Amino acid sequence: MKNSQNSRRASEGGFSLIELMIATLLFTTVAGITFALLGVSLTRYKSEKDYLNSFQQANVAMDQIARDVHTAGYPPTNSFTTATAAANPTKVATPFAWVTGYPAAPCTVGATCVTTPSNFDLITEADLGTGNGVQWIRYSLQGTTLMRAVANKNGNNPVAATADKLIPYLDNVMNNASAAQMATLKAGNPDLFPGNAAVPIFTYTYDAGAALQPPNIREVNVTLIVQSAQPDPNTGKYRVVVLTGQALRINPNQ
Amino acid sequence: MQNRLPKTSRKSERGVALFIAIFALLLISVVALALMVMAGTETSLNSNYKSSVQAFYDARAGLEEARGRLWSANPNALGGFVVASGATMPVGAVRYILNPATGETVNPTDMSSGNQYADRQYSSEWGSNPPTTTPTTLSVWAQTGVVAPGPLYKWVRITPRTEQSAGIDVNGDGTFDNANPLFFDGTQQVLANQIPPLVTAYQVFELTALSVTPTGSQRLEQYIVAPTNLNLQFPSALTFDGLAPTYNAPNSNPFDMNGNDRSGANPMPGCTIPAQPARPAVGVVSPADIATTASGIPADRLDHYLGAGVTTPSIGNISSLLPTTENTVTNLNQLVANITQVANNVVQGPAGNNSFPLGSASSPQITVVNGDLTLTGSNVGYGILVVTGTLTFSGNTGWRGIVLVIGQGNMVENGGGNEEFDGAVLVAKTLDANGNPLPSLNAPILNWAGGGGNGVYYDSCWINNATSGLTYKVLGFREISQ
């Protein structure tokens with residue numbers, strides 16, 4: 001009985017110190033490597049999350065701009081009797097507002113249009129069904145922030161009416177970044193900013209043969225260059241999302 | 001007791017290796033999961049963007065299908081499912097085109113919370129849920145025998161449009177009318193009870209489509225549509241559009257020209273549009289032409305020209321009542337071009353009986369003949385007929401709708417039959433013999449020989465029916481946020 005107890009003890013005996021030390025060393029090494037990998041992964045994850053966040057926000061903005069352009073010009077003049085439309089110009093939506101000459105004399109985009117419509121500023125008009133009647137929806141790039149404003153159409157200067165309602169909508173929009181920022185971005189993305197020129201957010205396609213005036217804008221082509229909020233911790237460079245979209249104005253000309 | 005101690009310590013040591021193994025596995029799993037989540041997020045973002053754009057076009061496909069099928073010449077025309085030809089879709093009526101995927105049920109009138117295809121927008125326009133008895137039809141994609149997967153819209157709703165449903169005070173009277181459907185006269189929308197006299201207007205429809213993609217993107221979009229309005233107006237039953245017309249009238253006793261609405265022997269079945277005021281039987285464009293036109297009528301037949309005015313023959317100067325589309329060479333030729341664009345049949349003359357389908361009351365045709373047309377025998381056509389050369393009718397032939405002889409402005413009726421023209425006829429000479437536009441409108445010619453009972457009878461129902469063959473035009477579009 002004693003013998004059998006002894007032999008069992010020997011077989012059940014604990015690890016020796018050496019064994020434990022080796023085991024601990026091995027464990028520490030493996031754990032260390034694992035944590036180091038995890039650390040790298042977490043950094044990477046944070047960077048990806050940041051990037052995806054920018055991507056997501058840019059997507060939402062692109063989607064909203066497209067929706068606003070689709071609905072621009074609703075309700076058109078033909079939704080009213082001629083007399084009512086003439087007497088209530090603020091109830092009728094022209095697809096796009098402009099300055100100067102609004103609403104009687106359309107300006108020429110790229111020439112006599114001041115502020116809007118332009119490469120970085122667009123005002124659509126539509127009744128969004130919110131009970132507020134026809135509203136101006138303005139997108140305006142200020143620095144690297146794309147601002148959005150919604151204001152009731154009042155028949156006066158649409159830029160002035162929306163100016164104090166602009167709120168930040170999308171951050172880190174680099175389409176019209178400073179030369180230094182452009183150079184930094186180009187270092188990591190050589191295809192950006194061809195000719196070192198700013199990239200318009202809004203470019204316009206007009207009805208065939210029509211003057212380059214806001215009432216004749218048929219399509220709005222949107223390009224958003226958005227950089228991540230934080231630089232990539234591994235490379236130290238900002239990552240960039242370039243989104244392009246096209247929105248068709250469906251409502252008829254006024 | 002001595003035995004137990006080692007046993008206990010053995011037990012406590014037994015699982016260490018397992019714990020270490022589980023811990024290591026957990027660590028690796030976390031890393032793997034993190035990587036998978038990252039990749040997954042990116043994929044779903046990309047597909048979200050794609051899905052959202054897809055949903056937009058899916059809903060538009062539904063709207064386009066409904067718009068196309070409102071056109072009477074569409075092979076899958078909705079026809080009487082929406083509204084009978086010549087009738088008005090009453091306020092409160094609603095129709096759905098359903099487009100379920102294979103094995104799927106789409107019921108927009110089921111308002112239970114689990115029904116993701118419920119039409120919850122209807123009540124915001126009409127103040128109540130859509131009736132559960134609403135008639136439905138299947139989309140062209142969901143019909144038997146169609147194998148191609150169609151666009152992923154679920155339903156398209158078709159309703160009339162009123163001030164209230166639109167949320168628009170169309171006539172600026174401060175109230176949202178919900179009794180009178182809206183009509184479109186080519187430039188403006190007007191309430192059904194406020195359509196100006198002498199104006200042709202067509203009912204406005206609201207088409208609303210819901211699309212849902214498999215990834216859950218939804219869009220609700222709306223078209224406002226009405227038939228393309230050619231701005232055709234007829235201030236008289238027979239209109240001579242040009243100075244000094246030549247009119248050789250028949251001597252037949254049963255022959256009549258009549259500017260009173262629906263005075264002919266062939267009233268249109270099921271017509272509900274309001275009767276129009278009486279017009280002159282014959283319209284000319286200068287006061288002097290009244291007498292010269294009357295001089296072409298046999299003295300004992302002057303009282304066969306009835307219509308506006310107390311004296312016969314009822315011949316009036318309608319120059320101020322002609323719409324701009326009908327008052328100059330340029331505009332008339334443009335009108336012919338516009339009709340050609342929407343025509344069912346465009347044929348080169350000389351053409352005859354079998355050159356194009358004559359149509360029927362339920363399927364009126366829009367036909368443009370570039371050149372001469374001769375119709376003989378017992379034939380009755382329906383719709384809009386445009387002839388740029390000489391139009392010759394003989395025998396028992398007639399027309400229900402609109403006849404435009406614009407171009408050579410020469411119409412010959414050999415008479416002898418008992419059929420009649422119900423609707424309106426306009427004759428204008430805009431082209432010289434070589435087909436080149438004239439500097440101004442020349443004298444139109446109508447030689448009406450022979451007897452018989454045929455004549456021209458103004459009929460707003462047939463005029464309206466003729467234009468029901470027109471395609472529907474998009475008057476407005478909006479996306480409805482949900």
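Taken together, the values in this text are just the output of simple stated rules run on the coordinates, not laboratory data. These numbers were taken from a predicted model, which means no experiment stands behind them. With ideal geometry, Cβ positions are generated from the backbone for all residues, glycine too; neighbour counts draw on all protein chains shown.
Quick notes
- Overall shape of segment B:383-431 was characterised from the C-alpha gyration tensor. The equivalent ellipsoid obtained from it has semi-axes of 19, 13, 7 Å, in decreasing order.
- Charge context of B:Phe81, other residues only, Cβ under 15 angstrom, K/R +1, D/E -1: +3
- Fraction in percent of alpha-carbon pairs per bin - 5 Å, segment B:406-446: 6, 21, 24, 19, 14, 9, 6, 1
- Our coupling estimate for segment B:391-403, obtained by passing each phi through the Karplus curve with A = 6.51, B = -1.76, C = 1.60 and θ = phi - 60°, is 9, 10, 10, 8, x, 8, 10, x, 8, 10, x, 10, 10 Hz, Gly and Pro reported as x.
- Placing +1 on each Lys and Arg Cβ and -1 on each Asp and Glu Cβ, with no other charges, gives the protein assembly as shown a dipole about its Cα centre of roughly 3980 debye.
- Sorted by Cβ neighbour density within 10 Å, fewest at the top, the residues A:Leu42, A:Leu20, B:Leu373, B:Leu441: A:Leu20, A:Leu42, B:Leu441, B:Leu373
- Mean per-residue shielding of peptide B:167-174 is 5, counting Cβ atoms of other chains within 10 Å of each Cβ.
- If R0 is taken as 56 Å, the Cβ-Cβ distance between B:Ala93 and A:Ala197 corresponds to a FRET efficiency of 0.45.
- Calculated over chain B, the projected area of the Cα convex hull averaged across directions stands at 35.1 nm².
- Within segment B:121-168, the percentage of alpha carbon pairs spaced more than 16 angstrom apart rounds to 54%.
- Applying the Kirkwood pairwise sum to the alpha-carbon positions of segment A:23-171 produces a hydrodynamic radius of 18.3 angstrom.
- Kirkwood Rh in Å, taken over segment B:283-402 so that all alpha-carbon pairs contribute: 16.4 Å
- Rounded to the nearest angstrom and listed largest first, the equivalent-ellipsoid semi-axes of segment B:92-147 from its Cα gyration tensor are 23, 13, 8.
- According to the Cα-based calculation, Rg over Rh for chain A is 1.38, with Rh computed by the Kirkwood formula.
- Chain B, dipole about Cα centre (Lys/Arg Cβ +1, Asp/Glu Cβ -1), debye to the nearest 20: 2740 debye
- For the protein assembly as shown, diffusion coefficient by Stokes-Einstein and Kirkwood Rh (Cα), 4 °C, 1.567 mPa s, µm²/s: 42 µm²/s
- Karplus 3J(HN,Hα) series, Hz, for segment B:292-307 with 6.51 cos²θ - 1.76 cosθ + 1.60 (x for Gly, Pro): 5, 5, 5, 5, x, 9, x, 4, 7, 10, 4, 7, 8, 10, 9, x
- Relative to the dominant Cα principal axis of chain A, helix A:17-71 is inclined by about 10°.
- FRET efficiency for B:Thr187 and A:Ala160, using Cβ-Cβ distance with R0 set to 22 Å, rounded to 0.05: 0.10
- Computed from Cα positions, the angle between helix B:329-342 and the longest principal axis of chain B comes to roughly 40 degrees.
- Segment B:Ile28-B:Gln482, length gained on full extension (0.36 nm per residue, minus Cα span): 159.1 nm
- Spin-label pair B:Ser319-B:Asn251: with each label point 7 Å from Cα along the Cα-Cβ axis, the two points sit 3.4 nm from one another.
- Taking N as its residue count, the alpha carbon Rg of segment B:141-197 over 2.2 N^0.38 Å: 1.71
- Cβ-Cβ FRET estimate between B:Thr272 and A:Gln246, R0 fixed at 56 Å, reported to 0.05: 0.80
- Segment B:473-482 - phi-based ³J(HN,Hα) in whole Hz, Karplus 6.51/-1.76/1.60, Gly and Pro as x: 9, 7, 8, x, 8, 8, 9, 9, 6, 10
- Percent of alpha-carbon pairs separated by more than 12 Å within segment A:159-200: 64 percent
- 0 to 90° range, to nearest 10: angle between helix B:16-70 axis and chain B longest Cα axis: 10 degrees
- 10 Å-binned pair-distance histogram of segment B:319-375 (Cα, whole percent): 22, 41, 31, 6
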